[in-house]
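Undergrad: Structure in structure tokens, see below.
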């Protein structure tokens, strides 16, 4: 394999497993990190110390790069500059991580208040002159760990807002596989990647209860109480306000339906939330040690009533809590 991939956000919750997968598939990987540490990355990975928001600092590492992975939080507002420099040095392909809500008004994108620049990363990819793919991801299944694991370890009641709010959670491992395929294969334009089923907050909690063999109860709390709790735990107020406003806007009408893009990309159904919960049961059940994630068994999933057509080309133009970011690269 002659591919050399530059990965921004390489030591994050999504970037690290992407680097590992690409390396395992035989690609040469240049992993961009702001600190001079390998971060326990695989042997053979070239660790690049540099700030991706200052692309000039990465010039020496762009020679020979065939593809670039844009992480919308790591790259900030510098995506277009980085891609122009990469193209000048021979890169031919870019994959941008984005979000299902990338077309929403900017003040209605919660993760933007934590640094994500989904719209800008996607637009930079589309306008770069490179073969491009944008991965518009739904909310991450792993958000549930940060949102609810502590409450579940402490008891059988989960207190959160909007029990009936619907998510279409995607297993991050499936998103990593889709990203690797796009980096090593053909450009796909915009892909809208969701999990295989729509679940309410209460339904997600019930699935976790089934995974740990303990019935759990969802107790809905008012937005004011949730705001106090979230800000007390260190989340910025603008982000919390945008998040709660998102819940209110879509409390009765799902924001995103299940799409077929993930299955078309992977050639198999995505992992269900129940399968993800089973793989992470130890983290919810009170095992304080590191969670050993076993390969998830892929199960056919119940389809939602509505769906969108497969990913399509468009000429223009997301580690967090359920709904705390509507599917993008890390904590929203």
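We did not get these values from a lab; they are worked out from the coordinates using the rules stated. Remember, predicted model here, so these are calculated numbers, not experimental data. Note: ideal-geometry Cβ built from the backbone for every residue, glycine included; neighbour counts use all protein chains shown.
Undergrad: If packing is taken as the average count of other Cβ atoms within 10 Å, what order do 223-232, 161-170 fall into, highest mean first?
TA: Most protected by this proxy first, the peptides run 161-170, 223-232.
Undergrad: Sticking with this one: Of the beta bridges DSSP finds with both residues in the range 113-242, what % are antiparallel, to the nearest 5?
TA: If I count the DSSP bridges inside the range 113-242, around 15 percent turn out antiparallel.
Undergrad: I'd like the antiparallel share, as a percent to the nearest 5, of DSSP beta bridges with both residues in the range 4-285.
TA: 5
Undergrad: Normalised by the number of residues in the range 85-159, what is the relative contact order in percent for Cα pairs under 8 Å and 6+ residues apart?
TA: Value for the range 85-159: 37 percent.
Undergrad: Something else now. In the range 4-285, if every C-alpha pair distance is counted and binned at 10 Å from zero, what percent goes to each bin?
TA: Whole-percent P(r) values from 0 Å outward: 7, 27, 34, 23, 9, 1.
Undergrad: Over the range 1-74, calculate the relative contact order: mean separation of alpha carbon pairs under 8 Å at least 6 apart, over the residue count, as a percent.
TA: After rounding, I find 38 percent.
Undergrad: With an 8 Å Cα cut-off and a minimum separation of 6 or more residues, compute the relative contact order for the range 4-285 in percent.
TA: Relative contact order here is 17 percent.
Undergrad: Can you order the peptides 234-245, 92-103 by their average number of other Cβ atoms within 10 Å per residue, highest first?
TA: Listed from highest to lowest mean packing, they are 92-103, 234-245.
Undergrad: Would you please put 191-197, 24-30 in order of how densely packed they are, using the mean number of other Cβ atoms within 10 angstrom per residue and starting with the highest?
TA: My ranking of the peptides, most packed first, is 191-197, 24-30.
Undergrad: Using only the Cα atoms of the range 27-155, build the gyration tensor, take square roots of its eigenvalues as a ≥ b ≥ c, and label the shape rounded, prolate or oblate: rounded if a/c is under 1.5, else prolate if a/b is larger than b/c, else oblate.
TA: It comes out oblate by the Cα gyration axes.
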